[in-house]
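Right, one structure below, let's go through it.
Readers should treat all values here as calculations from the given coordinates under stated rules, not as data from a laboratory. Predicted model only: the values in this text are computed from it and were never measured. Because the Cβ atoms are built from the backbone with ideal geometry, glycine has one as well, and the counts that use them run over all protein chains shown.
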Amino acid sequence: MTLFRPERAILELDSRFHTEVEPAAFPQHKLRWRNQRWAERVGLDGVSDDAWIDHFGRFAPLEGSLGTPLALAYHGHQFKTYNPQLGDGRGFLFAQLRDDQNRLLDLGTKGSGQTPWSRRGDGRLTLKGGVREILAASMLEALGVYTSKAFSLIETGEELHRGDEPSPTRSSVLVRLSHSHVRFGTFQRLAHAGDAEGTAQLVDYCIRHFHPSAAGADTAASAAGLLREVVRVTADLAAGWMAAGFVHGVLNTDNMVVTGESFDYGPWRFLPYSDPSFTAAYFDETKLYAFGRQPSAVLWNLSQFANCLTLLAEPADLERELATYELAYREAFPRRVLDVLGLKPAGADQAVELMKALFGWMGQTHATWPQVFFDWFGGEASSERAKASPLAGLYAGADFEDVRGLLLAHTPERPERLAHPYFRGELPASLLIEEVEALWDRIADADDWAPLYAHMDRIEAARQALSLQAIKHV
């Protein structure tokens with residue numbers, strides 16, 4: 001049994017980092033999702049539904065944690081254009097706590113009302129946006145990507161008007177569980193003001209709570225050490241997205257955090273098939289954040305983070321740490337692909353050869369990305385299973401023989417996982433856009449949540465069957 005362990009570590013940072021705000025008063029509270037598995041890990045599983053709504057819909061404080069919600073301050077580059085008018089515009093940090101691994105975690109909101117940084121926004125979240133975040137975070141967790149968790153979703157009874165959805169549309173408030181909400185843009189705001197003292201304070205906070213191995217003999221060494229650790233974990237994050245066939249859609253610097261977590265799911269998509277040019281956001285007209293450009297977009301964002309630390313450290317020292325990204329990514333990507341395929345490493349060259357052959361074949365044939373990874377989980381151990389796949393005809397083609405040979409050359413990792421009932425069916429858990437839209441249509445048209453909950457059960461089965469462990473960046 002995990003006991004609830006409240007924290008208030010954010011108060012170590014002074015008022016330049018956050019401001020107290022009041023949550024919105026909603027006309028209605030319908031609990032649509034509570035993440036009971038993660039509630040158990042943070043000691044909140046025994047909270048009744050009524051008390052849950054009180055805390056995560058009306059935002060009554062959790063005893064021992066923050067007494068008042070805090071909207072966090074940050075800037076950021078949005079599609080490479082600097083924007084100093086950001087900050088939490090429809091969310092806040094509600095509480096902090098520790099989990100069963102003693103990690104400091106945040107409970108942050110989305111759609112909880114206006115703040116000083118709302119600008120012209122209403123501070124609300126559409127119900128569809130909340131549903132999409134639940135799905136994305138759960139699927140990425142199942143695929144071993146280090147991600148924030150959708151902790152709670154409550155429908156709030158307002159009608160919202162949005163340009164990118166049929167309106168009026170239903171409203172909600174989401175609570176996500178994250179290791180950190182310290183964004184690259186948090187550092188950018190300090191650098192924009194030339195605030196070396198505030199930057200040093202934030203570096204110390206990040207090292208103390210997230211990256212203790214980054215501590216150095218002085219402030220400059222600690223700043224360089226923090227960059228080193230952030231580069232490492234962020235390279236692994238980028239590799240995780242690429243192995244999962246996931247397109248974040250909006251890789252702005254305010255959407256990246258120092259703990260290397262994936263979070264803030266807006267126009268995300270999972271690939272239908274291998275396509276480096278695939279773009280998630282309709283407004284990304286230049287394909288800046290296309291699937292194949294994600295690793296370079298992440299590096300660009302890291303370079304902006306490194307620039308902020310020049311207030312404390314020598315540029316040459318920071319450049320040296322930033323230069324480790326390429327190698328870190330090259331090492332992480334094959335490992336992540338093998339993880340999702342359930343295979344043991346057989347040498348770096350063999351893994352790269354497999355990836356080139358597999359992704360090349362998938363791109364040429366338009367074989368469905370999630371189906372291929374499902375069919376060949378465990379490599380040779382799934383040869384018979386793959387014969388019953390909807391893609392069996394493609395696997396029988398001569399152009400697949402090289403891929404098959406490379407798959408079979410890798411030894412299965414924990415092949416006993418294939419005994420899980422998840423692998424007895426023909427289809428994987430997946431979130432292609434037509435599936436997501438179908439789930440939402442049932443909710444929008446008939447208030448029918450059963451298909452969504454059934455799909456979430458399927459994703460949970462995949463998580464249990466794959467048993468992939470995201471690197472815990474502590």
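Compared with the direct C-alpha span, the chain from ARG8 to ARG162 gains 51.9 nm at full extension, assuming 0.36 nm per residue. Note on GLU326 and ALA392: their simple-model spin labels are 4.6 nm apart, each label 7 Å out from Cα toward Cβ. Applying the criteria of a DSSP loop state and at most 14 other Cβ atoms within 10 Å to the chymotrypsin sites (Phe, Trp or Tyr not before Pro) of the range 234-287 yields TYR282, PHE283.
Electrostatic tally near LEU143: other residues with Cβ closer than 10 Å to its Cβ, Lys and Arg +1, Asp and Glu -1, net 0.
Convert 10 °C to kelvin, take the viscosity as 1.306 mPa s, use the Kirkwood radius over C-alpha pairs of the chain as Rh, and evaluate the Stokes-Einstein diffusion coefficient in µm²/s, rounded to a whole number. Don't skip to the answer; put the middle values down first.
Details: Rh = 23.1 Å.
Diffusion coefficient, whole number: 69 µm²/s.
Put a dot 7 Å past the Cα of GLU40, heading toward its Cβ, do the same for GLU319, and the two dots end up 5.2 nm apart. Taking every alpha-carbon pair under 8 Å whose residues sit at least 6 apart, the range 242-335 reaches a relative contact order of 26 percent.
For LEU468, what is the net charge nearby, where nearby means another residue's Cβ is under 12 Å from its Cβ and Lys, Arg count +1, Asp, Glu -1?
Working: positive: ARG335, ARG336, ARG414, ARG417, ARG463; negative: GLU141, ASP339, GLU413.
Neighbourhood net charge equals +2.
Please give the calculated 222 nm ellipticity per residue for the chain, where each DSSP H segment of at least 4 residues contributes -39500 (n - 2.57) and the sum is spread over every residue; nearest 500 deg cm²/dmol? Before the final figure, lay out the partial values.
Numbers: 16 runs with 191 residues, N = 474.
It comes out at -12500 deg cm²/dmol, rounded to the nearest 500.
Computed over the range 5-178, the P(r) tail beyond 27 angstrom holds 24 percent of alpha carbon pairs. Across the range 110-256, C-alpha contacts under 8 Å between residues 6 or more apart give a mean separation that, scaled by the residue count, equals a relative contact order of 20 percent.
Taking 0.36 nm per intervening residue step and subtracting the Cα-Cα distance, what contour gain separates ILE433 from ALA409 on full extension?
Working: separation 24, 0.36 × 24 = 8.64 nm, distance 3.36 nm.
The span from ILE433 to ALA409 would gain 5.3 nm if fully extended.
Computed on the chain, with alpha-carbon pairs under 8 angstrom and 6+ residues apart, the relative contact order is 14 percent.
Can you tell me the FRET efficiency between SER296 and ALA348 if r is taken as the Cβ-Cβ distance and R0 is 25 Å, rounded to the nearest 0.05? Walk me through the numbers on the way to the answer.
Details: r = 21 Å, r/R0 = 0.85.
After rounding to 0.05, the efficiency reads 0.75.
Under 18 Å from a label point set 7 Å out along the Cα-to-Cβ vector of GLU426, the amide N atoms of the range 345-385 belong to 367-377, 383-385.
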